Amino acid sequence: MDLAVLRLLFVILIATVCYFLRPFGIQQGWVSAAIGAAAAGAVIVFELRVRALTLRRLIGAVAGSVLGIIGAALFCLVLRTAPISSSDSAVLQIFVLLLMTYVGLLVGASKGDLLNPAALGTVFSGDKQTHRNVKVLDTSVIIDGRIADIAEAGFVDGTLVVPEFVLRELQVVADSTDGSKRQRGRRGLDMLQRMQSNDKIQVQIVPDDFPSIREVDLKLLELAKKWGAKVVTNDFNLNKVAHLHHVEVLNINDLANALKPVVLPGERMNVTILKEGKEYNQGVGYLDDGTMVVVDHARKLIGRSVQISVTSVLQTASGKMIFGKMEEMGKQAEEMM
C-alpha cells in the first residue's frame, strides 16, 4: 500500500513539473502534464519489471547494457569520421546507441541464469540468504509420508516449503471419487498437519505461483530455481526433469536404497486386493503410503483383505514393490513338505 501511494505521488509530481515547465516547447499545459504522467508511468512499469528479476538476470542485464554502451561508443567514434552530414551522423549515433543497449540488455538478461553469483563473492549471495536451507515438497512425497519421519528424526534441516498449488493438487486428490486416491490425498493432508504440529519442523505454505506454467512439476522447478532451493520428491520422472533443469533433488527413494527395507522377507501383513496383476493369477494391492504389493494366486480375491507373507522386496529408483503369497497357501506348502 505504501509503495502504491509513493508511485501515485511520483506520477503527480512529474505531471505537475511538466505542467509548469512545459518542456520541449509544448505550449499547452495539459499536454505537457499528460506526457509527464505517461513518462512517469513508463518508469513505474520498468521498476516493476526490474523488481521481478532474479539477481542473476539483473547482473546479466546490467553487464549486457554496459557492454552494449561501450560497443556503441566505439562504433560512434567511427561514425564521427565518416564522410556524412552532421545531422545524419547524429541520427545514426543515437540509433546505434539505442540498438546496442537494447540488444545487450535482452541478451544479458536471458543469459543471466548461466551466471554463478556465489563464485563472484558473498556480496552477490544476499538474494538467496533469506531462502537458505529451503526444501520444496512435491505432492507425491507428502502423500508418501516418510518425509515426516525423516524430518522428525532430524535428518532434514531448514524450512520445508509447500506451495499453494501443491496444496490445491493434494486437496483435489483428497476429494476424488476414487476411494484409493481419496485415501492417499487424506493421508497427505494428515502428514502435513502432523509436521505443522511438530515444533521441531518448520513448515511454510507459500503463495508463489507461475500462472503461465500449467504443469505442477514445472512450477515446482521454477520455484526451486527462484529460491535456490532443493526439491524433495519420490517421483522418478520429476527427478529426471529436475536434473535437466539443473535443480538439486532429494529423492526419498534414493535414501531408502541406502537403508535396509522396512519390510523384510518372511514378515506378515494384511493387504486389500484392488486389481489384477500383470502376470497370471496375480492380485495387486497398495499400502497406505502407496507402495505396490503383488500377491500370487490372489486374482479372484479382488476387494477382499488377505494376510500375506512377504517373499521379496524390490527397491528401485522409481519406488518400492513388495511381492508376497497368501498366508494360507504358505501354510499348505509347509504341511506338504
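Annotations
- Near residue 311, the amide H atoms lying under 5 Å from its own belong to 266, 323, 324, 325; only residues 5 or more places off or on other chains count, and H is placed 1.01 Å from N.
- Values of log10 I(q)/I(0) for the chain across q = 0.08, 0.12 Å⁻¹ run -0.62, -1.00, by the Debye formula with one identical scatterer at each alpha carbon and no solvent.
- Degrees, to the nearest 10: 2-21 long Cα axis against longest axis of the chain: 20 degrees
- Violating pairs (Cα-Cα greater than 21 angstrom) within the set 111/226; 278/325; 200/320: 200/320
- Straight-line cross-link partners of residue 240 among the aspartates and glutamates, defined as a Cα under 16 Å from its Cα and at least 8 positions apart when in the same chain: 138, 215, 217, 222, 248, 254.
- Exposed loop sites here are trypsin sites (Lys or Arg not before Pro) assigned a DSSP state other than H, G, I, E or B and surrounded by at most 15 other beta carbons within 10 Å; excluding them, the longest clear run of the chain is 1-110.
- Crossing angle, helix 164-174 versus the chain [Cα axis fit, 0-90 degrees, rounded to tens]: 30 degrees
- Within the shell of other residues whose beta carbon sits under 13 angstrom from the beta carbon of residue 62, the net charge comes to +3, with Lys and Arg scored +1 and Asp and Glu -1.
- Taking amide H positions as modeled 1.01 Å from N, with prolines and chain starts lacking one, the residues under 5 Å from residue 250 and 5 or more places away or on another chain are 231, 232, 233.
- Rh (Kirkwood; distinct C-alpha pairs) - region 132-257, Å: 14.6 Å
- In a fully extended conformation the segment linking residue 175 and residue 69 would gain 32.4 nm over its present Cα-Cα distance, using 0.36 nm per residue.
- Under the simplified labelling scheme, the residue 272-residue 3 pair shows an inter-label distance of 4.9 nm, with each label point 7 Å from Cα along Cα→Cβ.
- Set of region 1-22 residues, backbone N closer than 20 Å to the point 7 Å along the Cα-Cβ line of residue 31: 14-22
- Among 213, 322, the order by Cβ neighbours within 10 angstrom, fewest to most, reads 213, 322.
- Charging the Cβ of each Asp and Glu at -1 and of each Lys and Arg at +1, and nothing else, the dipole of the chain about its Cα centre rounds to 700 debye.
- Zone residues, region 32-68, relative to residue 20, backbone N less than 14 Å from point 7 Å out along Cα-to-Cβ: 33
- Helix 327-336 and the long axis of the chain differ in direction by around 40°, with both axes built from C-alpha atoms.
- Model label sites at residue 78 and residue 164, defined 7 Å from Cα along the beta-carbon direction, differ in position by 5.3 nm.
- Label-to-label distance, residue 92 versus residue 38, with points set 7 angstrom from Cα along the beta-carbon direction: 3.1 nm.
- More than 15 Å apart - percent of Cα-Cα pairs taken over region 36-119: 66 percent
Every number in this text was worked out from the coordinates using simple rules, so none of it is lab data. These figures come from a predicted structure and were not determined experimentally. Cβ atoms come from the backbone with ideal geometry, glycine included; neighbour counts cover every protein chain shown.
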